1. Could you work out [θ]222 nm for the chain from helices alone, using -39500 (n - 2.57) per DSSP H run of at least four and dividing by all its residues? Round to the nearest 500 deg cm²/dmol.
2. Between their Cα atoms, which of Lys186/Lys305; Lys215/Lys305; Lys114/Lys350; Lys88/Lys203; Lys203/Lys243 are more than 28 Å away from each other?
3. What do the square roots of 5 times the Cα gyration tensor eigenvalues come to for segment 43-157, in whole Å, largest first, as semi-axes of the equivalent ellipsoid?
4. Wrap a convex hull around the Cα atoms of segment 150-271, take a quarter of its surface area, and give that in square nanometres.
5. May I have the convex hull volume per residue, in Å³, for the Cα set of the chain?
6. In a Debye calculation with equal point scatterers on the alpha-carbon sites of segment 30-78 and no solvent, what is log10 I(q)/I(0) at q = 0.18, 0.21 Å⁻¹?
7. Any idea what the relative contact order of the chain is, in percent, if you count C-alpha pairs under 8 Å spaced at least 6 apart?
8. Run through all the Cα pairs of segment 297-434 and give the fraction in each 10 Å bin from 0, expressed as whole percent.
Amino acid sequence: MPSITTDSSASSSGIRIIPDMPICQQDLPLDWYQDEFKPYAEEYLALPDRLPETVLPWMDGYVRPALDHFGPSLMLLAHYYMGGEIVKLVERYGGRVADSYELALQAVDHPETKVFVESAVHFMAESIAILAADDQQVWITNPKSGCTLEMLAKDWMVEPAFDELRERYGEDLLVLAYMNTSGRVKALAGETGGSVCTSSNAKAIVAWALAQNRKIFFVPDRHLGENVAGWSGIPADSLFHWKGGDEGARLQIADLSPAARSRLDRAPMILWGSFCGVHTVFRPEHVGYWEERGYRVLVHPECPKDVVDAAHGAGSTKYLWNEVMTAESGERLAIGTEGHFVRNAREQAKLGGVEVVNLADVPSAEGSSMGCGCATMSRNDPPHLVAILDMLARGTGPDLNRVLPGDVVNETTGDRHRLAEQERRELVANAKVALTRMIEVTRAS
Ligand code: SF4
């Protein structure tokens, strides 16, 4: 196993908290909290408002002692898609806001950190755990924070398809797993000598895979797959679309028509059929609407290909954030990505005289479909952050919030399936192959 070194330390997002900027966007119902978290949530819900001067003193009472207790051995992490409250607060308490690629590398980049507390979705925390050393722990503020894209590509859905394809194509099959997959699916990629990719490096990873002259099985986002295939010169009509979710699990090559089997055999790239509900609300008409009004349109490549093709630019969360934060005063940008991100970007851009709108925010005659936030990621909120830090400092962190490689948590019930030690070690070995490949190819490119 090659050792991993990186230089990906997440820089500050540049987010500022100003006095009249609400800390919180939406309260969660009390029964959405784990039992251990409810006393903290009750205190929070009883606060008279969500302004910084009210919320911050309450948080400080718990968070400051926890930070003092752990010192530099603790790192707080959040993703840009988190509701505005967490990205603002995590940085205020010395933590980092990052995209999924940067998040995954934090344990490797910071061997001195022993406890990571992540406010984002489960697969992101699990990716950190896969690359973590034995003396590093990863905790998630809400283990039920899933990703709808990943929910249609669970290991028990993808594995039967993988078995079908492996039987037909043998060693020719190479799996590329988008970061938005569980460790179990990343391990499948590693098993084939494949790689993980993120939206920031998908083009480089697919270029690497094409150079291997093997058949690519791209899991799980069909839209990112179509976009990166287009950027890589792969004709759209040569792609084979495998179904997603349970349908994908049931699909058998023997049941395909002879014409479909022939297309499958000729396809350089097979795309699993999942998608992100947040990124598929955008339409080419939205791009046209804002373009006609002088806005520069930038989108995430999880959007449909016709939207990406129509936009002025497309790229990862980090790319979009950097474009907003470095825009000139007076510039106008329409952003097609997750709603909390756009709201955070709009607030921060306004401070520098830049106007940001949500790409989907157009009059109904133009086909409006309100851009939405990632509801599952937003299951992390200030009471979750306060509670987990206080409990960890007191040595009572709930085991459900500890993230080990291979953990699968039911996003509705919170039930968790955890692998036995030996199975976990095998998973880590395979998933590390795929993650390490991604890091090496990304750095080389
Ligand atoms: S925005 Fe979409 S792809 Fe990203 S974490 Fe949320 S559901 Fe998953």
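1. -12500 deg cm²/dmol
2. Lys114/Lys350; Lys88/Lys203
3. They are 26, 19, 11 Å, listed largest first.
4. 6.5 nm²
5. It comes to 148 Å³ per residue, whole-number rounded.
6. Taken in order of the listed q values, log10 I(q)/I(0) reads -0.73, -0.92.
7. Across the chain, relative contact order equals 20 percent.
8. 10, 26, 24, 24, 14, 2
Only the coordinates and a few stated rules stand behind these numbers; no lab work does. Note that this is a predicted model, so its numbers are computed, not measured. Cβ atoms come from the backbone with ideal geometry, glycine included; neighbour counts cover every protein chain shown.
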